[in-house]
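Engineer: Before we start, here is the structure in question, set down as structure tokens.
The values are calculated or read from the model by the stated rules, or taken from the named source; none is laboratory data. As the structure is a prediction and not an experimental result, all values here were calculated from the model. For neighbour counting, all protein chains shown are included, and Cβ atoms are generated from backbone atoms with ideal geometry for every residue, glycine included.
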Amino acid sequence: MSLIPNDVSAHLVDRPLQALFADDPDRAERYVVDAGDLRIDYSKHPIDDDLLAALIGWATTADVPSRR
């Protein structure tokens with residue numbers, strides 16, 4: 001049994017990073033978040049816009065924003 005909801009696991013990316021970067025030249029800039037002195041670069045992880053949207057939806061469903 002997976003702990004990942006089906007609507008998230010349906011968007012898991014099964015492509016090499018090289019292909020993801022080739023298809024999206026701005027990937028290294030788009031998948032970076034700065035929070036104060038912390039810089040999180042998740043461009044080197046198998047993620048795309050669909051998976052990111054599904055993860056944000058999962059976090060919203062779990063009411064993560066109210067726990068900040």
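Engineer: Can you work out which of the residues in the stretch 9-30 that are assigned to a loop (DSSP other than H, G, I, E, B) and not hydrophobic (A, V, I, L, M, F, W, C) is surrounded by the most Cβ atoms within 10 Å (Cβ to Cβ)?
Structural biologist: It comes out as HIS11.
Engineer: So LEU3 ticks every box in (1) exposed (fewer than 10 other Cβ atoms within 10 Å of the Cβ); (2) modelled with pLDDT of 90 or more; (3) not aromatic (Phe, Trp, Tyr) but one. Which box is left unticked?
Structural biologist: Of everything listed in (1) exposed (fewer than 10 other Cβ atoms within 10 Å of the Cβ); (2) modelled with pLDDT of 90 or more; (3) not aromatic (Phe, Trp, Tyr), LEU3 misses just condition (2).
Engineer: Name the residue, out of LEU38, LEU52, that is modelled with pLDDT of 95 or more and out of contact with any His (no Cβ under 6 Å at 6 or more places or on another chain).
Structural biologist: Just a single option satisfies the conditions, and that option is LEU38.
Engineer: Here are some conditions: (1) out of contact with any Lys or Arg (no Cβ under 7 Å at 6 or more places or on another chain); (2) over 18 Å from LEU12 (Cα atoms). HIS45 meets all but one. Which one does it not meet?
Structural biologist: Answer for HIS45: the failing condition is (2).
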